[in-house]
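The values are calculated or read from the model by the stated rules, or taken from the named source; none is laboratory data. Note that the coordinates shown come from a computational prediction; the quantities given were computed from them, not determined experimentally. No Cβ is skipped: glycine too gets one built from the backbone with ideal geometry, and neighbour counts run over all protein chains shown. When the accessible area is computed, the model is the full protein with side chains, heavy atoms only, and any ligands, DNA or RNA have been set aside. Shrake-Rupley method; radii C 1.70, N 1.55, O 1.52, S 1.80 Å.
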Amino acid sequence: SFYYGTFPAGFLWGVGSSAYQTEGAWDKDGKGPSIWDAFTHKKGKVFRNETGDSACDGYYKVKEDIKLLKELKVNHYLFSISWPRIMPTGIKTEELNEQGIQFYNDTINSLLENNITPIVSLYHWDLPQVLQEKYGGWQNISMINYFDDYANLCFEKFGDRVKHWITFSNPWAVAEKGYETGEHAPGVKLGGCGAYKAAHHIIKTHAKVWHSYNNTWRSEQQGMVGISLTSGWGEPVDPHSQTDRDAAERYIQFHLGWFANPIYRGDYPEVMKNYVGRKSAQQGLGTSRLPTFSAQEKTYIKGTSDFLGIGHFTTRYVIQKSFPFLQVSSYHTDRDLAELVDPKWPAPGPKWLYSVPWGFRRLLNFIKTQYGNPLIYVTENGVSEKVQCTQLCDEWRIEYLKGYINEILKALNDGVNVKGYTAWSLLDKFEWNKGFSERFGFYHIDFKNKNKPRYPKASVNYYKNIISANGFPNSREVETWYRKAMDTCSTTHQLLATDSLITHMEMVTDIVLPTVFTLCILISIVLLIFCLRNHS
């Protein structure tokens, strides 16, 4: 049931984005190539072979986008720094790009001038391509020191103003999609071991960066360093069945626990060690495909998070399913489970993203119980639409936000220590291997228009009202928000239709006029030749 009430005073409301998905300017002003630049430039890797070369042109539209943040009335903006924009090769001793550093200084200063707190992720997937080519990226232990150098540069240049740092955004996807299935950059397919090795190095890197901040910068800058982990919730198909309950537990431990357990409890989840170890032995391997931490490393990693960032989008029902050890090993078959969905769950966008708000409260309570009730910031939560026609009246996003934010309110009443919420995302943007086919934004972008204009969807008004009221005061007021939001979007639709027509006419003019002009010249030449021949 829906719970009417407000959030505690001082609860932070925000919105997020990431560098590669929005900035564009992929090779401008001294920026080096990232693995996503290299990956998207290969045909067949991304839907319709689209790239983030120009994305939302966010590099050139900082001030314009900060106006949108002001319009939303958010307290904070979560964005990421592009490592190759400030260190073109990823190696500090080789080259620093002052123009890139200046770009992020200007962004941070503009946010603060507008009373918006910057929350900065050091890594949202755009590894410098040089480090992938030279060392194999996150498969190589040398990444730990290279990333630590990069993080320390960021603390040095921006830490006087940035007080909330995220080391890695959704490292699960970096490891599993980047080095196991190859769906994401760098497109490496090392089934059964690639993801575990990448994750192992990422966890060690995170710990090293936390200690660097703790030892060198904390006393002077007084900031916080955390990690952002994205996880779905796994619900047993039959809550009375012990095997289903165990399978649902494995789903969470192989997803969230893979990264959270070492950071909060000092080691990988026991169930991960047992399952991967047993399957590795069945394959005749001498050691487990899941790497091990030494006693010293466990102590070093445990406790290295001042807050836990949580990204959450959807839920699955989970059931036990055994995979014979004869099959090719993979992270997915190691878990011995199958994921199911309820056909009644709303699925407004892509097939993977079902709206299941109650899963969020359960996930937050799981974190409270498992990891000693840590300080939590929700770092990503939102829904996309996957439609060809423009949809500014996004009532499904309003319903999604209303439901999921309300579950956070319930979790707060359960005693969960949530201090802030970041909706995903500010703009429609480049969605990795899905290109521009999925749209998560509060603001629609017309990517066919070279100016990339932004148009508010109905959800902008609705989210703005939640922020102003700091929650859901009463049913009458909340219903009014919905009506007003839907009224405004129809007006914006008319504006967008007019702009699109003008853009289309400009495109036609840009193409047709030069073509007609060229044809006229050719016809004139042919006629001239014909006349000269006749004359002679």
Placing +1 on each Lys and Arg Cβ and -1 on each Asp and Glu Cβ in the chain, then taking the dipole about the Cα centre, the residue among 282, 470, 459 whose Cα reaches farthest towards the positive end is 282
Descending packing, highest mean Cβ count within 10 Å first, for 521-527, 476-482, 318-324 is 318-324, 476-482, 521-527
For the chain, longest principal axis from Cα atoms; helix 62-72 axis from its Cα atoms; angle between them, nearest 10 degrees, is 60
Expected unfolding gain across residue 148-residue 47 under the 0.36 nm per residue rule, minus the alpha-carbon gap, is 33.0 nm
Of 12, 96, ordered by accessible area with the largest first and a 1.4 Å probe, the sequence is 96, 12
Expressed in nanometres to one decimal, the distance between label points 7 Å along Cα→Cβ at residue 295 and residue 520 is 8.7
Sorted by accessible surface (1.4 Å probe, heavy atoms of the protein chains only), largest first, 117, 315 come out as 117, 315
Asserting the computed 222 nm helical MRE of the chain (DSSP H runs at least 4 long, -39500 (n - 2.57) per run, divided by residue count, to nearest 500) equals -14500 deg cm²/dmol
Restricted to segment 244-394, the DSSP antiparallel beta bridge percent, nearest 5, is 50
FRET efficiency for residue 267 and residue 375 from the Cβ-Cβ distance with R0 = 25 Å, rounded to 0.05, comes out at 0.70
Simple spin-label estimate for residue 156/residue 4, 7 Å along Cα→Cβ, in nm, reads 5.6
Where a ≥ b ≥ c are root eigenvalues of the Cα gyration tensor, a/c under 1.5 meaning rounded, otherwise prolate if a/b exceeds b/c and oblate otherwise, segment 45-102 counts as oblate
Within the chain, the percent of DSSP beta bridges that are antiparallel, given to the nearest 5, stands at 25
Restricting to lysines and to Cα separations under 23 Å from residue 351, and discarding same-chain partners fewer than 8 apart, the set is 45, 177, 321, 386, 402, 429, 434, 457
With residue 185 itself left out, Lys, Arg at +1 and Asp, Glu at -1 over residues whose Cβ is under 11 Å from its Cβ give 0
Two pseudo-spin positions, 7 Å from Cα along C-beta at residue 390 and at residue 487, lie apart in nanometres by 2.3
Net charge (Lys, Arg +1; Asp, Glu -1) of residues whose beta-carbon lies under 13 Å from that of residue 421, residue 421 excluded, is 0
The FRET efficiency for residue 475 and residue 358, from their Cβ-Cβ distance with R0 = 22 Å and rounded to 0.05, is 0.70
In this structure, among 204/302; 67/450; 197/279; 31/92, pairs with alpha-carbon gaps over 18 Å are 67/450
A student applying the Cα gyration tensor rule (rounded when a/c is under 1.5; otherwise prolate if a/b is larger than b/c, oblate if not) would label the chain prolate
